[in-house]
Amino acid sequence: MGFKMTFRWFGPKDDNISLEYIRQIPGIYGVVTALFDIPVGEVWPEDRIFELKRMVEDAGLKFEVIESVNVHEDIKLGLPNRDRYIENYKQTIKNLAKAGIKVICYNFMPVFDWLRTDLAKKLPDGSEVMEYNHEMLKNLTPDELVKSMEKGSQGFSLPGWESYRLKQLQSLFEMYKDVDENKLLQNLIYFLENIIPVCEQVDVKMAIHPDDPPWSLFGLPRVVTNKENIEKFLKAVDSPYNGLTLCTGSLGANRENNIPELIRYFGKMGRIHFMHVRNIKFTGERSFYETSHLSTDGSFDMFEIMKAIYDIGFDGYLRPDHGRMIWGEKGRPGYGLYDRALGIAYLNGLWEAIDKMSKMK
Ligand SMILES: [Mn+2]
């Protein structure tokens, strides 16, 4: 028993970290990756998936999790066009299944994916971290936010921040005027009702990523935010294939979300297929920066989080999430090699201790 440790990799063209380096991280099982150049809504071609699979497997790593297959905005908006995009999504699921993919991570966030107000906040020790300052965000327009994210990206593409989509910002906001939280939830359920039977057929589990941060921004609705909301769409399409990516840093940004409790709750339902584990340090009611993974550096008790993952008998996939930039590394904000590798060593250490202590009793 035990989980499978993975590492997010952005592919041969857009990641400065090589698969050879990733393979040298102690305890690594595989990478989670994607075809980042396929426009959202299009079918992922089989030959491209197999090409990626070969590359990963030739490096001695497993290729079993995709993060992410993004959902077309028309599906989230519930536009008549959505059925065409859902058909494409189903075909992508089938193509991924043929290549041995077991879990697909995705999200259902309108317009913006994850967001931060500073992608390189300098800490006293010289390391750089990503920060979310709620007061600062309230004073930004959506356009200003996009500009600041692009400026901080160090020239790397940021996952979920595709420029073609952000060019249509005005019209997207216009279209979301009639979509409230309940409508968005209904659109998510419609999507799941359509794709989950395919997932059951081909044995691919869907794992929705929580909204980051887990509250409404710029008046846009958000639904993957807390226990009650998550339970609604898990129960509405009641299949083990309709599951979660439980991201501790995203859900935990809302202080009312008790992460170890949520892990136990949804874990016992058999609905957690993928774990993102990271720590954050609160600087205000809704403000925080992303620390190293260590409990004493942040606001979460990482021992309690790993203990909950252990206690539910988790045998799915897990990865460290955003790390700091340290040791002079230049790279995609949140996705450097060094600090995420340190995170893995630490999480593996906690796990070994928990495992051995539990067996001593
Ligand atoms: Mn995450």
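The values are calculated or read from the model by the stated rules, or taken from the named source; none is laboratory data. It should be emphasised that the depicted structure is a prediction, and the values quoted were computed from it without experimental measurement. Neighbour counts run over all protein chains shown; Cβ positions are idealised from the backbone, glycine included.
A few comments on the model shown:
- The condition of being more than 16 Å from the ligand (Cβ to nearest atom) and closer than 30 Å to V129 by Cα does not hold for N182.
- Some residue of segment 297-310 being within 25 Å of H273 (Cα to Cα) and in contact (Cβ under 8 Å) with a residue 60 or more places away in the chain: yes
- For segment 43-72, the set of residues classified as among the charged types (D, E, K, R) and part of a helix (DSSP H, G or I) consists of E46, D47, R48, E51, K53, R54, E57, D58, listed by residue number.
- Given (1) crowded, with 20+ Cβ neighbours inside 10 Å; (2) away from the ligand (no atom under 16 Å from the Cβ), index of the condition I104 fails: (2)
- Among the residues listed as K147, K177, K205, the single one being of a type in the set (K, R), more than 16 Å from the ligand (Cβ to nearest atom) and modelled with pLDDT of 95 or more: K205
- Qualifying positions in segment 333-354 - farther than 21 Å from F303 by Cα and within 16 Å of the ligand (Cβ to nearest atom): P333, G334, Y335, G336
- Output for segment 311-332, where each listed residue is more than 16 Å from the ligand (Cβ to nearest atom), over 14 Å from L246 (Cα atoms) and surrounded by fewer than 23 Cβ atoms within 10 Å (Cβ to Cβ): D311, G313, I326, W327, G328, E329, K330, G331
- Residue pairs whose Cβ atoms lie under 7 Å apart, sitting 6 or more positions apart in sequence or on different chains, and linking a residue in segment 228-247 that is within 16 Å of the ligand (Cβ to nearest atom) to a partner that is β-branched (V, I, T) and in a strand (DSSP E or B), are G243/I272; L244/I208; L244/I272; T245/I208; L246/I272.
Table: residues versus (1) under 19 Å from Y335 (Cβ atoms); (2) surrounded by 18 or more Cβ atoms within 10 Å (Cβ to Cβ); (3) polar (S, T, N, Q).
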| site | (1), (2), (3) |
| --- | --- |
| N242 | no, yes, yes |
| A253 | yes, yes, no |
| N258 | no, no, yes |
| E261 | no, no, no |
| K268 | no, no, no |
| T283 | no, no, yes |
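- The helices (runs of 4 or more DSSP H) found wholly in segment 87-188 and carrying at least 2 residues that are within 22 Å of the chain's Cα centre (by Cα) and without any contact (Cβ under 8 Å) to a residue 60 or more places away in the chain occupy 142-151, 163-166.
- Selection status of M1, aliphatic (A, V, I, L, M) and at pLDDT below 95: yes
- Near pairs, Cβ below 8 angstrom, 6+ apart or cross-chain, from segment 196-219 (in contact (Cβ under 8 Å) with a residue 40 or more places away in the chain and farther than 30 Å from E285 by Cα) to any residue that is within 16 Å of the ligand (Cβ to nearest atom) and small (G, A, S): K205/G243; M206/G243
- Any hit, segment 105-119, residues being more than 24 Å from L234 (Cβ to Cβ), touching an Asp or Glu at 6+ places or on another chain (Cβ under 7 Å) and among the hydroxyl-bearing types (S, T, Y): yes
- Note on segment 108-135: residues that are over 30 Å from G243 (Cβ atoms), out of contact with any strand residue (DSSP E or B) (no Cβ under 8 Å at 6 or more places or on another chain) and of a type outside the set (G, A, S) amount to 3.
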